[in-house]
Amino acid sequence: MVMATTALTAAHTSLASVTLEVADPEAAQRFYTAFGVAAHIRLRASEAHSTGFRGFTLALTVSGPATVDGFVAAAVGAGATVLKPAAKSLWGYSGVVRAPDGTIWKIATSARKDTGPATREFDELVLLIGVEDVKATRQFYVGRGLTVAKSFGGKYAEFAPGTSSPVKLALYKRRALAKDLGVPVDGTGSHRIALGGTGGSFTDPDGFAWEAAE
């Protein structure tokens, strides 16, 4: 399970941190330290049941292809499985890996060529959830106080992040998300994700649960 805690700003609610629930927190800590995102990931032990695609991914937006390659290499070196090798695409350059705890990560850049040296830094951390009806779920979250930053009809929606955090919440059609990640769309059991916020406990139209932030 992932718990993403949120903070209330003057205009909207936005993700402030992400907590992954994993079978082995110590092993996961070693992985995320080697991967380079440990400062932005919290961990806690859980045996929540889930099979197949969990319905979400965490994505890193970085500056260029060499940085994508560096993150993918670090993940693989720490035990991740490559789902889609890093390569050029219509939208830039990206690769997809599955962490040992089962979380799928996409590392991407809109740049097709490097304009500077590779770094181990990222510009944004996006929690992208797969939904059946982007428009309906977008309106649901708007009703809960989130502010839409980008929207492309019924295909994709992105909410504004907080000023002190790089974490964003975005929506993508579930089937399209699975295809983009290179995994079958089928999955059973828990999403293994919960979003924590100041608006109390509720469940969105696609079964993603929100819990009151601690």
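The values are calculated or read from the model by the stated rules, or taken from the named source; none is laboratory data. Note that the structure is a prediction, hence the values are computed from the model and not measured. We place every Cβ from the backbone using ideal geometry, glycine too, and count neighbours over all the protein chains shown.
Worth pointing out:
- Set 137, 147: member being surrounded by fewer than 17 Cβ atoms within 10 Å (Cβ to Cβ), over 19 Å from residue 30 (Cα atoms) and in contact (Cβ under 8 Å) with a residue 40 or more places away in the chain: 147
- The sole residue among 147, 109, 119 that is more than 30 Å from residue 78 (Cβ to Cβ) and among the polar types (S, T, N, Q) is 147.
- Residue in the range 42-49 that is more than 24 Å from residue 176 (Cα to Cα), assigned to a helix (DSSP H, G or I) and among the hydrophobic types (A, V, I, L, M, F, W, C) present: no
- Hits in the range 82-123 (condition: among the charged types (D, E, K, R), closer than 16 Å to residue 71 by Cα and surrounded by 14 or more Cβ atoms within 10 Å (Cβ to Cβ)): 84, 98, 106, 114
- Filter result (under 13 Å from the mean Cα position of the chain (by Cα) and basic (Lys, Arg)) within the range 170-197: 192
- Applying the criterion of being modelled with pLDDT under 85 and not hydrophobic (A, V, I, L, M, F, W, C) to the residues of the range 146-170, the residue that is nearest to residue 58 (Cα to Cα) is 166.
- All positions within the range 47-81 that are of a type in the set (S, T, N, Q), touching a residue at least 60 places away in the same chain (Cβ under 8 Å) and surrounded by fewer than 16 Cβ atoms within 10 Å (Cβ to Cβ): 51
- Selection from the range 51-76 of residues that are assigned to a helix (DSSP H, G or I) and either more than 24 Å from residue 21 (Cβ to Cβ) or in contact with a Phe, Trp or Tyr (Cβ under 6 Å, 6 or more places away or on another chain) (or both): 65, 66, 67, 68, 69, 70, 72, 73, 74, 75
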